[in-house]
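I have placed the structure first, in the form of structure tokens, so that the comments after it can refer back to it.
The values are calculated or read from the model by the stated rules, or taken from the named source; none is laboratory data. Bear in mind the structure is a predicted one, so any value in this text is a computation, not a measurement. When we count neighbours, we look across all protein chains shown, and the Cβ atoms used for this are built from the backbone with ideal geometry, even at glycine. Surface areas here come from the heavy atoms of the whole protein model, side chains and all, with no ligands, DNA or RNA. Shrake-Rupley method; radii C 1.70, N 1.55, O 1.52, S 1.80 Å.
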Amino acid sequence: MQPIMKKKCIFALVMLKKDRYIAERACEFMGDFVDLLTPEQKESLLANVSVRTLKPGEELYHEGNIPQFMCCVVSGHIKISRLGVGGRNIILRLIHDGGIFGYRSYFSKSQHITTATAVTRAVVYLVPLNVIDDWMCDNTILTRFFVNELAEDLGHSDQRLLNLTQKHLRGRLAEAILLLADNFGFCADGQTIASEPSREELADMANMTRSNAIRTLSDFAKEKIVSVDHRRIAILDMQKLEMNSNFG
């Protein structure tokens with residue numbers, strides 16, 4: 001292949017990757033939600049959707065903001081957190097590819113009570129909530145979808161709240177590690193979690209102080225339940241980790 005032609009091919013591949021999540025292709029990446037829309041509503045989606053690319057640590061919205069968009073993660077991970085007593089953040093949920101969020105406060109006519117922050121580089125589609133509200137008036141299937149989503153989220157929130165307040169330190173940290181594994185998956189070795197959370201983030205997920213998170217993680221490592229290499233965590237004994245989560 002001639003050098004000039006080769007450069008053109010490389011440039012074309014770079015541009016294709018860059019344009020992968022453009023608004024005009026939203027229907028390809030928004031999963032089940034799009035399948036519930038009528039043909040007219042899909043056209044409206046493409047006319048109203050926007051794309052936001054977030055760097056790690058960048059906020060999508062903050063507690064107290066007025067909800068304007070339903071958000072759909074198409075690449076990367078987003079953490080949903082809330083400011084707790086003493087100014088400490090509590091990570092309530094991790095959202096990955098295909099997950100939708102950011103709409104509850106709109107339907108309750110209130111401000112956001114959580115903050116959405118990118119854990120990794122993330123691409124998010126944003127759909128105006130007033131547009132979705134109009135669609136729901138003519139689409140009962142879409143309305144039922146949001147009722148089911150809200151009901152499921154409420155159940156998860158109730159269980160998460162119970163776990164964060166009733167479990168001991170070991171149980172809470174074990175649950176946090178399992179949550180990371182479930183959301184990020186594993187590296188090629190099948191044991192190392194494909195994420196490198198800081199000790200502060202682990203503590204925020206487990207609703208404990210940083211020092212307690214470090215001490216409990218060290219105990220897990222001594223018991224050969226996990227291994228720790230700086231920020232990398234590998235699960236060595238899944239059964240014992242799950243046992244600690246269930247009965248901790």
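Which of Val228, Val123, Val51 ends up with the largest GNM mean-square fluctuation for the chain, with Cα atoms connected below 10 Å? Of the options given, Val228 has the highest mean-square fluctuation.
Report relative contact order for the chain in percent, whole number only (criteria: Cα-Cα under 8 Å, sequence separation at least 6).
That works out to 17 percent.
Where does helix 140-166 land angle-wise versus the long Cα axis of the chain, in degrees 0 to 90, nearest 10? With both axes taken from Cα atoms, the answer is about 20 degrees. Accessible surface area normalised per residue over the chain is 57 Å², counting heavy atoms of protein chains with a 1.4 Å rolling probe. Within the assembled protein chains, the solvent-accessible surface assigned to Cys71 is about 0 Å², based on a 1.4 Å probe.
Which residue, Gly57, Gly86, Gly31, has the most motion in a Gaussian network model of the chain that connects Cα atoms within less than 10 Å? Sorting by GNM fluctuation, first place goes to Gly86.
Take each of the peptides 34-45, 209-220, average the number of other beta-carbon atoms within 10 Å over its residues, and list them starting from the highest. Walk me through the numbers before you get to the answer.
Working: 34-45: 14.7, 209-220: 16.8.
Taking the mean over residues of other Cβ atoms within 10 Å, the ranking is 209-220, 34-45.
When Thr140, Thr192 are compared by accessible surface with a 1.4 Å probe, the order from highest to lowest is Thr140, Thr192.
Once backbone amide H atoms are built at 1.01 Å from N, Gly99 has Val73 as its partners under 5 Å, excluding neighbours fewer than 5 places away on the same chain.
Given the pairs Lys167/Lys224; Lys55/Lys167; Lys55/Lys240; Lys109/Lys167, which span a C-alpha to C-alpha distance of over 26 angstrom in this model?
Pairs exceeding 26 Å: Lys55/Lys167; Lys55/Lys240; Lys109/Lys167.
For Phe184, the accessible area of its heavy atoms, probed at 1.4 Å with every protein chain present, is near 30 square angstrom. Solvent-free Debye calculation, one equal scatterer per alpha-carbon of the chain: log10 I(q)/I(0) at 0.07, 0.08, 0.13, 0.18 Å⁻¹ equals -0.30, -0.38, -0.90, -1.35. Taking only Cα atoms and a 10 Å spring cutoff, compute GNM fluctuations for the chain and point out the largest among Ile132, Ile141, Ile235. The residue that fluctuates most here is Ile141. The label point for Asn48 and the one for Ser211, both projected 7 Å from the Cα toward the Cβ, are 5.2 nm apart.
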